[in-house]
Every structure is written in structure tokens, then in C-alpha cells.
Amino acid sequence: MLDVVREAVDFAIINGLLKYNTRFQLTHAPFSLSPAPVSRKLLRQLCNFTPVFNTVWLKIANNPAFLRNELEKTARTDDFVKNLLNLLPENELHPQRQLLISRNDFMLTADGNETSLKKPKQVEFNTISNSFLSLSRQVSLLHRHLYRKGLLASEPIPNDPLEAAVDSMATAIRSYDTPNPCLLMVVQEKEQNIFDQRALEYRLYEKYNYPTCRMTLKEIAETGSLHEGHLKLKGHIAAVTYFRAGYTPDDYPSSIEWKARALIETSSSIKCPSVGMQLAGAKKIQQLLGHEDTLRLFAEEDSAEKVQETFMGLYTLDELIDNVSASEVACQSPERFVLKPQREGGGNNLYGEEMKTALQNLTEEEQHAYILMERIPSTITPAALVVESTREEMPSISEIGRFGVCIADGDRLIENKDIGYLVRTKSADENEGGVCAGYACLNSLCFED
Ligand code: ADP
Ligand code: MG
């Protein structure tokens, strides 16, 4: 009898569905053997959302006055946000071109038992360092292989966000119009998810002949220089600077890294994303968009309502819910909320007792660095998950992300589209969701009808 786990793990290894584990040993990326079912209607809805959400966040990213004003209180106790705000350009007459590779993450809530009645609720809109452009494709290829061999019941929905992202990168690099261009990929020194990044680098070189300089912020500080506004690195000009690092304070252990970031920001390199877009991705901004008046500043008349329907309750800690502060309500019913600081990358949110303790100890000033979000009552389905070659069956929750790309000069759009999906499936007991952080498994989508 064919052993599905062995077949799947070998396929994963041959096809680069790989990562380093926390001990930096090579292993297959964790994956599910139970594709997540969606209705055609829901899938269409999620795809259609992508350009709409991109436009909302683009308008915020292009409004430094709004970002400064709204993040000012947060910056008082959050140095990371403060340092990013300091890099924000003034209102520009001729805004620079920017590239966004976004990922809009959703969970599905049950509205009755039928999947067709499931509603998408936004977890967050990610604007920087969105991973799994390659690995999400490889897992759908793995599932296709198993399906064709009769080892998987459902056929995965094809998915190739990497190819489209590479095409958009190439469009942006070409538009910079310099003789010796490269993609500058800003990376962490030790990266568990390096193969996901390498796949993009190799495809960009293979298809378009554009080389990639992989560099840490420290290396950029040491080798980079400005020439008539261009960011020059070892004989190449960084036409596009793509941040796969720089989203967490851990990436800036000293002032040298901030110096590198300032060098990038003052250069004319096309940033992916711009510092304004990075700030627009803050949890605080998501919380503000939960207010209809704020959302309507940035969303078109006909789309605001649809966008708003995907939001859970989002609160500042001192906001009143039925005359009681949100912080107190969350202490009384911790199971209903998640406490989020302005951080990306997983493992930073607080739940349950830990959240309660934090809420009771935060000073009034520190409260502004956090938001409270209602927990999404996600649908739970059984799944078989494979981690380090071991299969386990468990009740699970799936999170669906839609990747998008957007190239824009100010608010003028050059490209804006959906390019594919990421599904992460985790045990229903698990609060957090990162794949490399060890919480979730890569998965694909299949049609339920
Ligand atoms: P990060 O920037 O660290 O990725 P997220 O806001 O995406 O932060 O939260 C991390 C994970 O926590 C998500 O992937 C999801 O699994 C879980 N999570 C976040 N917000 C909620 C919520 N409101 N309800 C249920 N789960 C949530
Ligand atoms: Mg997230």
C-alpha cells in the first residue's frame, strides 16, 4: 500500500517545499493533507476584495499627515513606530513610485452549517514581508500530485502567486530605467524561510535576467551609497528594494540598521513597500478603519460597506463598549478578545489570562500601543496535518490569505490585482498562526461544490 505521508514528504523535498526548523536543520515545511473547501461564490468575493483593499491601504500610505496624527500617541511608548514615523516623507508634490505585495488574511465564520453561508472576517491586511509566494504554490502542486495518484479526495484550486509577483517586480525594475539594475532583497541574517525567498530570486533571474542582491540592513549600511539619488550596491543600482526583513524591532539591533533604512528611504529606489505603506499596515490603523467615518475617508462609496462587513469589532483600550471600557470588558470575558501590539511576524498577540494580566498592568500611556480585537469564531473542521514527517488528525482552523500586487505613483494606479492565495491550517486549540513560528501548516483550497 502506498504510504501517503512518505509519498508527500518525498514530493515536498524534491519540489522545494522546505524550510529550516528552529535548530536550523533542513526539513519539509509543515503541510496539511486536507485542502480547505470554499464555495465558488466565496472565492470570487475574496479575489474581488484584493484590489479594493489595496486601494484603501494605498490611500492611507499616501497620507503622511493622517499616519503622523493617528500614530503619534502610539509612538510615545513604541520606539519602533516612532523611528518609522521619522522616516516618513513630508507631503510630496511628486510622490515616488511604490510597489506593494499585499496579503489580506481572513478566517471564515459559520453562519449555519452550509459552507456557502460562511462569511469571511479579516484577521489583518499585511503590507510588508509577505511570505509563502512560492511555498503556497508548491503545496498546491503537492496536493495535485496526490490527487492524481488517488491519495487525496479533492482537487486543489491552482495557485501561482510567485509568477505574478515576479512579473510585477520585473515591471517595477524595468520602469526604474537604469543600465545596471538589481532587486535589493533586504533579509535577516538567519532565515528559516529562505527557500521561499530564493525561489523568487531565481525566477526573476531566469525569466527576466534581473539579479538579486540579498543583504541584511547591516550589509547595506556597509556597502551601500547614494549616487545622484540612486542606491548603489557593488556595481548595481537597487531599482527595487524588497523588504523581507525590517518589519520587526529585532531587525534593528543598533543604530547602524536604522542608518541603512534611512539610506534606502532617501534613495529613489522603488520600495516594496514604502515606509508609509508599512505604517499603514499597523494594527492601530486597522482598528481605526473599524470606524465607519474613518473607513469612508479611504474607501470608495460603493465598496465601503462590503469592506466593513469583513471587520470584527476593533477597539482602543479606553473606548467604551456599552458604557464600560473595552479593557474592562476584555478582562471580564478574555475568551472574546485578542490583545495586539503594533508588531508583525507572529507570536506577539496576547490571549486569555496573559491578556488579562497585561491589561491590568498597562499604564494609560502604554495602552495606546495596543488594540483589542474581537476573536473570530472560526469554523472548525477535521484535518490531517504533517509536521516533520509525522501525521496527526485534529480539529482545525484554516486562515485564507489573498495575495495582491499594486504599483502606483501616489494614488495613480499602474497595476492593481489579485495574484493567488495562501492557506494556513492549524489545530483549533492554537491561538497564533505562523508557519515558520511552528503554529500552522501550509494548505490549498478546493471547491466544495
Ligand atoms: P501577526 O502580524 O503577528 O501575523 P495577526 O494579527 O495576523 O498578527 O495574528 C496572528 C495570528 O493570530 C493570526 O494568524 C490568527 O491565527 C490569530 N488571530 C489574530 N487575530 C485573531 C482574531 N481576531 N480572532 C482569532 N484569531 C486571531
Ligand atoms: Mg498575521
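The values are calculated or read from the model by the stated rules, or taken from the named source; none is laboratory data. This structure is a prediction, so every number in the text was calculated from the model and none was measured. Reconstructed Cβ throughout: ideal geometry from the backbone, glycine too, with neighbour counts over all protein chains shown. Surface accessibility is based on the protein's heavy atoms, side chains included, excluding ligands, DNA and RNA. Shrake-Rupley method; radii C 1.70, N 1.55, O 1.52, S 1.80 Å.
Worth a mention:
- Using every pair of distinct Cα positions in region 126-267, the Kirkwood expression returns a hydrodynamic radius of 16.5 angstrom.
- Region 120-168: mean projected area of Cα convex hull, nm²: 4.7
- Whole-percent carbon and sulfur share, accessible surface of the chain, 1.4 Å: 47
- Environment charge at ARG203 (Cβ cut-off 10 Å; Lys +1, Arg +1, Asp -1, Glu -1): -2
- Packing-based ranking, highest mean first, of 380-392, 172-184, 26-38 given that Cβ atoms within 10 Å are counted: 26-38, 172-184, 380-392
- Fraction of alpha-carbon pairs over 22 Å apart in region 323-449 - percent: 53
- A simple count of charges around PHE106, restricted to other residues whose Cβ falls under 12 Å of its Cβ and scoring Lys, Arg +1 and Asp, Glu -1, yields +2.
- Rg over Rh, two decimals, the chain (C-alpha only, Kirkwood Rh): 0.95
- Sorting the segments 333-340, 101-108 by their mean number of nearby beta carbons within 10 angstrom, highest to lowest, gives 101-108, 333-340.
- Remark: relative contact order (the chain) = 27 percent; criterion is Cα-Cα distance under 8 angstrom and separation of 6 or more residues.
- Normalised contact order of region 144-295, rounded percent, pairs of Cα under 8 Å and 6 or more residues apart: 23
- Shown for region 1-71 is the translational diffusion coefficient from the Stokes-Einstein equation, using the Kirkwood radius over Cα pairs, a temperature of 37 °C and a viscosity of 0.692 mPa s: 196 µm²/s.
- Kirkwood Rh and Cα Rg combined as Rg/Rh, region 149-201: 1.15
- For the chain, share of DSSP beta bridges that run antiparallel, in % to the nearest 5: 80
- Farthest positive-ward along the chain dipole, Cα basis, beta-carbon charges - from LEU445, GLY150, ALA299: GLY150
- Normalised per residue, the accessible area of the chain is 43 Å², obtained with a 1.4 Å probe and no contribution from ligands, DNA or RNA.
- The slack in the chain from LEU43 to GLU365, taken as 0.36 nm per residue of separation less the alpha-carbon distance, amounts to 111.7 nm.
- Among the trypsin sites (Lys or Arg not before Pro) in region 8-55, those located in a DSSP loop and surrounded by at most 10 other Cβ atoms within 10 Å of their own Cβ are ARG23.
- Values of log10 I(q)/I(0), in the order q = 0.11, 0.23 Å⁻¹, for region 218-321 under a Debye, Cα-only, solvent-free model: -0.52, -1.16
- Region 1-115: relative contact order as a whole-number percent, Cα under 8 Å and 6+ apart: 17
- Listed residue (SER175, LEU217, SER140) projecting farthest to the positive dipole end of region 130-220, Cβ model: SER140
- Anisotropy class of region 327-377 from Cα gyration tensor, a/c 1.5 cut: oblate
- Order by protection proxy (mean Cβ within 10 Å, highest first), peptides 435-442, 259-266, 63-70: 435-442, 259-266, 63-70
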